[in-house]
Structures are given as structure tokens and as C-alpha cells.
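Have a look at the structure below before the remarks.
The values are calculated or read from the model by the stated rules, or taken from the named source; none is laboratory data. All values reported here derive from a predicted model rather than from experimental measurement. Here the Cβ positions follow ideal geometry from the backbone for every residue, glycine too, while neighbour counts run over all protein chains shown. Side chains are part of the model used for accessible areas, which takes the heavy atoms of the whole protein and leaves out ligands, DNA and RNA. Shrake-Rupley method; radii C 1.70, N 1.55, O 1.52, S 1.80 Å.
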Amino acid sequence: MFGVAPTITTPHVDYVAMLPILIVLGAAILGVLVEAAVPRESRFTVQVGLTLVGLIAAGISVGVISDKTLTTPSPRGSDFPFAGSLAIDKAGLFIQGTIIVLAVVATLLVAERSVDIGSPIVASSAVVVGSQEDRRLLRSDRVQTEIFPLLLFAVSGMLIFPIANNLLVMFVALEVLSLPLYLMAGMARRRRLLSQEAAVKYFLLGAFASAFFLYGLALLYGYAGNVDLEAIRVATSTSNKSDVLLYVGLALLLVGLLFKAGIAPFHSWTPDVYQGSPTPVTAFMAACTKVAAFGAIMRVLYTSFSTTVNDWRPIIWAVAIASMVVGALFGLTQTDIKRILAYSAIAHAGFILVGFLASRNGRLTSDGVSSVLFYLLTYGFTTLAAFGLLMVVRDADGEATHLSQWSGLAKKSPGVAAVMTVLLLSMAGIPLTSGFIGKFVVFRAAFHSAGPVVVIAFICSAITAFFYLRIIVLMYFAEPPENAPTIAIPGMTTLMALTSGVVVTIFLGVYPQPIIDLATKAAHLTA
């Protein structure tokens, strides 16, 4: 009556391969417990230390796993921990390492407490804007320390996002990284209404983008009968179902991914959110979120759709050109430096997409992958330092971000002007900076397969150089205004963040070969 019990195959779970994610998630959960158990006066120090220790430990674990992967390649089964829903490969580890390093620098900016009373982060998000309690807290040194576990939760999602080998897992990672960012965007100490408006815009548009992603996922499931990336790739060659499901599903999926990367025409949130968010949060989003989003785009296109390159290349052509043109032209009209850097980020997203067009005989090349990896690293450090520098130029209302307030800044603070000049020249792609090397490797990789797009990229790069040079000219050749801003003396954490950004920008402009070699070795995605 009773037959033999069926054999249950347990899924493969490699906890060592998942260690960076588990460490960051563990630190985030501990951060929540700190909020409940540690006295308010001690929380800030504990949270900063816990966040940095967690990120550094995660970075070390990525290095150990990466070294093991490079020296002793694992059998195929161990490349897919957690029941095959994650893909641990060289490109994924490089992106994870980049995110963690940039997150450490961003944490140093969030930990700043010297340039403003208390912190750039709001004292209490629950207080009504403009109320007597709000004005009282503005003058206090109280800080909403919940931002640190929120940052760690966002980083954990970013670590999963680019290595997800399953579209449902990728969607969960997208939400895990997005929800904390929606909250963090509304936590500015000053200009709180603008900050809260930015958070609402980001949340509403992000919800729409997530819906597009989920709808695309459903269509691809209908086409392939599976949401694993490898299964979708196999289905593109063997399925007898209508290709309409495949292409419409891919298009909707890309809407969600392109939105998160801030790529035109899905960029409308970027200027407002960058301007309204606390500047350290803006720096974190501009660097880490962009790296994670491009890692996920690379994972989807280079694995699931590697056999249909000629079908999706026109989409990448179109959005790359649109992003470069929109970023370059609209950046010319801006008078707020945070908005200028936002449109700069949109243009740079287009430049990065050029690397996705590198192909040979209808097949994607490793040169395209390595060039994108290198560009993401260099851009991340430069943009973190640029936003960090905005924190020290201040007036009575907080950060002085209007262009006119930067007039004659070199006469008042030659050091700040010199650092900003280096960073802007890097964004413009001037030789002897990391920005020049990043653009060079991307354009070189794609030139033979997408020459017209590379030519447009050169033109847009020249246009963007104008609004970078306009800031430099204002700093050195214009007279200071009567109500010239003051230069705040940053704390040790901000100095460390700015120093690391500038040093990396110059070093990779002069001697980029070690990182280029590392990116070349990492240009492998497990299919």
C-alpha cells in the first residue's frame, strides 16, 4: 500500500559564495537592533563603526572568493549557489567589489558631522516641516542614525542585483535596493520640502518602473516557461512560441533596468532626486546604484539574450544616443551644480552603454565587458568626490550649489577649486585623468561594430565639456559675489572620502593598466 518514498533532491547552497551578501545583511540587521538597544548619544558612533566594519569584511570576502575563482576555477555546479538563482563569476565579483568599495566611501560622506550642525542628515524625519520642533532640531546635533542600516540594506540588494541568475530573484533584489533609497532621499536636514518631494517622485516613478519589469518578467515566463536566465537563452533558440512575447518582454524588462541606471528616456527622476536628496545620499545613488544597475543589464543581455544580439542592438543604439544627447544638451541649461552633475550622470550612462555595442561576427566581445567594468569603477570614484566637495561650499541656507555662488572660488579657496577642477576635467574626459581612460577603452571596444554611435559619443563628450569648463572658468576668472559662500572645514571622514576619490581619479589616469588588466580577467559571465 505504501510505496517507496520519493527521493528529494536538496538544492545546492554555497554559503561561502554568498558570504559578502550575508555579511552586509547581518550588519544591517545588527544596525536595526542598535537603534533599539543603544542610547541615542552613542548610536552614531556605533552605527558608523558597524557599517564600515560590515562593508570592509564583505569586501575582504569578495577578494577571497575572487582569488579562489581566478586561481582554481570551480566546477559548474558551484558557480550557481542558492539553488542556481545566483551566478558567481568573475564579472559579478568585480561588480560586487566595486559596489562595496564605493559604499565605504559613501559611508564616510554620510558620517560627516563638521560642515553642518549635526549632519547633512535630518534630525527626525517624523517632524512636520517648518514647525517649531523642526526649527529646534535643525539647531541640534541630533542625527537620524537609521540611515546607516538603510544604506546597508540597499547595498545588500545591490550585491544581489548584478549576480541574479533568475528574474524573480533580480526583481526582489531591485526592490531591496530601491525601498531604502526612497526613504534616504527624503532625509535631508535642510531644504526638507525639496527633499521630501524628491523622495515621493522617486518612489512613484520607481514603482511604475518596477511594474514594467514585473510585466516583462511575466511575458518572458510565458515565452520560455521559466525565469532562469539560462532557460530563457535556450528558449530563444528552441521555442516555437511567438517571438512577440520575447521581444515585448525584453523591452518591458529593460524599462525597469534602464530606469534604475538613469538612462534616457527613463531619466526624468534623476535631476530632481539628485538635487533634493541629502548630498551624501545623492553621491551614494550616483555611484553605487549605477554600478549595480549596469551589472544587471549586462547580466541579462550577455546571458539570456546573447544569441539575439542583432535584435536588441538597435534598442541599445537608440537609448545610448538619447541618453548622451539629453545629458549633454539639457546640462547646458542648468544653473544648479547638483542638477548639472545629474545630467552629467545621464550622459555618462549613455557613454557606458556604448560598451554594450562591442561585438564581432554577431557575438558580444569580452572587450566590451572589461571596458564597462573599468568605466563604472572610475566614474564611481569621481562622482563620489564631486558630490562630496559640494558639501563644504556653504551659505546661510546650507550647501551653495548655484553656479553664481561658485564665482571666484579659487581666490577664496584655491585647494577646493583645484580639486573640483581635477574632477570636472575627468568627467570631461581630459587626458591624464581616469575619465579619459574610461572613455578611451569604451569607445575603442565599440568603434569597429558601432562606429556611428562612437562618433556621436565624441560629439556629446565635447558638448558636456562646455558645462564642466564653465564651472572652472567661473571659479578662476570671475569675481566673487558680495554674499560669497564660506568654505567649511570638513571632518576626517569627508577628507578621507575626497582624498580617495581624487587619488583614484589621478592614479587611474596616469597608470590605469593594473585595473584594466583586472577588468580584462574579470570579463567573464557564467551562462
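Just a few scattered comments:
- The selection criterion, being open to solvent by 20 Å² or more (accessible area, probe 1.4 Å), within 18 Å of Leu376 (Cα to Cα) and among the charged types (D, E, K, R), does not hold for Arg470.
- Cβ-Cβ under 6 Å pairs, at least 6 apart or on other chains, the range 236-257 side open to solvent by 70 Å² or more (accessible area, probe 1.4 Å), far side of a type outside the set (Lys, Arg): Ser237/Thr307; Lys241/Tyr223
- Screening the range 258-271 for residues that are in a loop (DSSP other than H, G, I, E, B) and small (Gly, Ala, Ser) and picking the one that is most open to solvent (accessible area, probe 1.4 Å) gives Ser268.
- The residues of the range 14-41 that are open to solvent by less than 50 Å² (accessible area, probe 1.4 Å) and assigned to a helix (DSSP H, G or I), listed by number, are Pro20, Ile21, Ile23, Val24, Gly26, Ala27, Ala28, Gly31, Val34, Glu35.
- Residue check, Leu229 touching a residue at least 24 places away in the same chain (Cβ under 8 Å), in contact with a Phe, Trp or Tyr (Cβ under 7 Å, 6 or more places away or on another chain), of a type outside the set (Gly, Ala, Ser) and open to solvent by less than 50 Å² (accessible area, probe 1.4 Å): no
Here is a yes/no grid of residues against (1) closer than 21 Å to Leu384 by Cβ; (2) at pLDDT 95 or above; (3) among the aliphatic types (A, V, I, L, M):
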{"site": "Gly435", "(1), (2), (3)": "yes, no, no"}
{"site": "Arg444", "(1), (2), (3)": "no, no, no"}
{"site": "Thr464", "(1), (2), (3)": "yes, no, no"}
{"site": "Pro480", "(1), (2), (3)": "no, no, no"}
{"site": "Ala484", "(1), (2), (3)": "no, no, yes"}
{"site": "Pro490", "(1), (2), (3)": "yes, no, no"}
{"site": "Met496", "(1), (2), (3)": "yes, no, yes"}
{"site": "Thr526", "(1), (2), (3)": "no, no, no"}
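- Subset of the range 473-494 [without any contact (Cβ under 8 Å) to a residue 40 or more places away in the chain and open to solvent by less than 80 Å² (accessible area, probe 1.4 Å)]: Val473
- Subset of the range 157-190 [open to solvent by less than 30 Å² (accessible area, probe 1.4 Å) and touching a strand residue (DSSP E or B) at 6+ places or on another chain (Cβ under 7 Å)]: Ile163, Ala164, Asn165, Asn166, Met170, Ala173, Met187, Arg189
- For Gly216, the stated conditions do not hold, so it cannot be described as touching a residue at least 12 places away in the same chain (Cβ under 8 Å), closer than 19 Å to Ala345 by Cα, in a helix (DSSP H, G or I) and within 27 Å of the chain's Cα centre (by Cα).
- Residue in the range 501-521 that is within 25 Å of Gln405 (Cα to Cα), open to solvent by less than 70 Å² (accessible area, probe 1.4 Å) and among the aliphatic types (A, V, I, L, M) present: yes
- Residues of the range 377-413 that turn out to be assigned to a helix (DSSP H, G or I) and open to solvent by 10 Å² or more (accessible area, probe 1.4 Å), as a count: 9
This table checks each residue for (1) part of a loop (DSSP other than H, G, I, E, B); (2) crowded, with 19+ Cβ neighbours inside 10 Å.
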position: Gly415; (1), (2): no, no
position: Ser426; (1), (2): no, yes
position: Pro431; (1), (2): yes, no
position: Val442; (1), (2): no, yes
position: Thr464; (1), (2): no, yes
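- Some residue of the range 331-343 being small (Gly, Ala, Ser) and either over 26 Å from Gly249 (Cα atoms) or modelled with pLDDT of 95 or more (or both): yes
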